[in-house]
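The values are calculated or read from the model by the stated rules, or taken from the named source; none is laboratory data. Because the structure is a prediction, the values reported are computed rather than measured. Glycine also receives a Cβ, built like all others from the backbone with ideal geometry; neighbour counts cover every protein chain displayed. For the accessible areas, the whole protein counts, side chains as well, though only heavy atoms, and no ligand, DNA or RNA atoms are used. Shrake-Rupley method; radii C 1.70, N 1.55, O 1.52, S 1.80 Å.
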Amino acid sequence: MDRRTRELRDAHDLLAPMYVERLAHILDEMPIEQAVLGLFCSLVRAEGGTTIGDVGCGTGRLAPYFATQGLRSRGVDLSPEMIRVARRDYPDHEFAEGDLRSLPFADASLDGAVGWYSMMYLPPEERPIAYAELARVIRPGGHFATAFKEGDDTLRRGGRSLDHKIGFDIWWQSQGEVQSRLTDAGFQVLFWAGRPAEPDEPQPQAYLVAQRV
Ligand SMILES: C[S@@+](CC[C@H](N)C(=O)[O-])C[C@H]1O[C@@H](n2cnc3c(N)ncnc32)[C@H](O)[C@@H]1O
């Protein structure tokens with residue numbers, strides 16, 4: 001494992017308890033994110049889909065939401081501690097350690113996937129690998145939804161604002177960059193949106209939904 005990936009994994013192992021405490025139910029207070037995820041779920045169901053990946057699933061907080069939408073999610077995360085708490089808190093759902101750049105799913109085995117605030121840690125040269133993996137595991141006609149911190153594509157350090165002695169590389173990405181990555185990997189972008197930063201956020205947030213062609 002390279003230095004950047006190890007640093008990211010170790011940081012998220014430490015962040016897992018804070019994520020559980022602060023974020024477990026935050027989707028209930030986020031109507032815009034519910035709307036984007038709801039659109040994604042409707043599109044998956046409209047194609048007869050039932051099974052989706054949650055890549056970079058963190059604590060697994062989205063799994064119960066997907067279940068309410070009639071979808072079975074299969075979560076994957078780099079951080080063993082994130083996976084441990086996901087299994088503890090959502091024992092009826094499936095979670096596994098894994099990497100976005102080498103997903104533990106068979107070819108065309110998913111009806112869709114989400115990468116919810118999880119693709120933004122990949123350095124530019126490794127993004128094509130991760131998007132190619134999504135194109136491999138999502139069947140033609142399946143969907144992908146992503147959320148990310150929107151910015152100018154420059155490298156930043158994350159984690160500094162938190163009470164942990166951690167740091168990791170993160171990129172606040174532009175909508176255009178993410179759209180190009182998806183198109184290059186064999187997806188058609190169906191929807192994009194964004195919202196301004198809230199008072200406690202340093203940057204706007206962006207959302208995209210795409211279909212595997
Ligand atoms: C900001 S958290 C978001 C977690 C979850 N999607 C959510 O919305 O609560 C980002 C997660 O992506 C995971 N992650 C980052 N890079 C990854 C990679 N290359 N492979 C798998 N997981 C990764 C981190 O370990 C972390 O749990």
Can you name the residue in segment 62-75 that is buried (at least 21 other Cβ atoms within 10 Å of the Cβ) and not in a loop (DSSP other than H, G, I, E, B) and is also nearest to the chain's Cα centre (by Cα) among such residues?
-> Gly75
Return yes when Thr59 is within 9 Å of the ligand (Cβ to nearest atom), hydroxyl-bearing (Ser, Thr, Tyr) and touching a Phe, Trp or Tyr at 6+ places or on another chain (Cβ under 8 Å) and no when it is not.
-> yes
For segment 169-181, pairs from a residue that is over 14 Å from Ala193 (Cβ atoms) and among the aliphatic types (A, V, I, L, M) to a residue that is part of a helix (DSSP H, G or I) and modelled with pLDDT of 95 or more, with Cβ under 8 Å and 6 or more apart or across chains, are Ile170/Met120; Ile170/Tyr121
Filter segment 27-56 down to residues that are in a helix (DSSP H, G or I), in contact with a strand residue (DSSP E or B) (Cβ under 8 Å, 6 or more places away or on another chain) and within 18 Å of Lys149 (Cβ to Cβ) and give me whichever is farthest from the ligand (Cβ to nearest atom).
-> Ile32
Restricting attention to segment 76-97, which residues are in a strand (DSSP E or B) and open to solvent by less than 60 Å² (accessible area, probe 1.4 Å)?
-> Val76, Asp77, Phe95, Ala96
Out of the residues in segment 98-107 that are surrounded by 15 or more Cβ atoms within 10 Å (Cβ to Cβ) and touching a helix residue (DSSP H, G or I) at 6+ places or on another chain (Cβ under 8 Å), which is nearest to Gly70 (Cα to Cα)?
-> Phe105
Considering only residues of segment 170-206 that are modelled with pLDDT of 95 or more and of a type in the set (Asp, Glu), which is farthest from Leu15 (Cα to Cα)?
-> Asp184
Where a residue in segment 8-29 is without any contact (Cβ under 8 Å) to a residue 60 or more places away in the chain and its partner, wherever it lies, is away from the ligand (no atom under 11 Å from the Cβ) and not charged (D, E, K, R), with Cβ under 7 Å and at least six apart | Leu27/Gln34
When Thr59 is evaluated against the numbered criteria (1) open to solvent by 50 Å² or more (accessible area, probe 1.4 Å); (2) assigned to a loop (DSSP other than H, G, I, E, B), which criterion, by number, is the only one it fails?
-> (1)
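Does Arg22 fit the bill of being assigned to a helix (DSSP H, G or I), modelled with pLDDT under 95, more than 9 Å from the ligand (Cβ to nearest atom) and out of contact with any Leu (no Cβ under 9 Å at 6 or more places or on another chain)? Spell out how you get there, then give the answer.
Values: assigned to a helix (DSSP H, G or I): yes; modelled with pLDDT under 95: yes; more than 9 Å from the ligand (Cβ to nearest atom): yes; out of contact with any Leu (no Cβ under 9 Å at 6 or more places or on another chain): yes.
Yes, satisfied.
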Is it the case that Leu14 is open to solvent by 50 Å² or more (accessible area, probe 1.4 Å) and modelled with pLDDT under 95?
-> yes
Residue list for segment 112-140, filter: closer than 26 Å to Gly194 by Cβ, more than 11 Å from the ligand (Cβ to nearest atom) and of a type outside the set (A, V, I, L, M) = Gly112, Pro124, Glu125, Pro128, Tyr131
